[in-house]
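Undergrad: Quick one: the structure is below, questions incoming.
Each reported figure results from applying straightforward, stated rules to the coordinates on display, with no laboratory input. The shown structure was predicted, so the numbers you read here are calculated from the model rather than taken from an experiment. We place every Cβ from the backbone using ideal geometry, glycine too, and count neighbours over all the protein chains shown.
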Amino acid sequence: MDSFDAAILEFARRWSPFGGPRSEDVLVEFGMTTDRYDEHLTRIRDEGPRDLPADERAELRDQQSNNPHEHRRLTRRRKN
């Protein structure tokens with residue numbers, strides 16, 4: 001895992017207790033959209049370090065599918 005992947009994984013871990021990062025935080029931290037961030041995180045989760053515990057992989061998967069910040073963003077977009 002390179003340093004960029006490590007930074008994404010650490011960022012995801014920091015945001016895990018809050019259900020995942022907001023799109024604004026992803027943009028500021030990495031200069032990318034949440035879609036691109038999710039692509040990177042999915043690759044890291046699925047192909048990443050062998051020592052990443054199965055429960056953490058599952059938590060990251062849940063974080064991506066249940067991110068309340070993204071749900072609010074998508075809901076606002078649909079209303080406009």
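Undergrad: Using a basic spin-label model with each label point 7 Å from the Cα along Cα→Cβ, how many nm lie between Asp55 and Ala7?
TA: Result for the modelled spin labels: 3.0 nm.
Undergrad: Using Cα-Cα distances under 8 Å and only pairs 6 or more residues apart, what relative contact order does segment 1-53 have, in percent?
TA: 41
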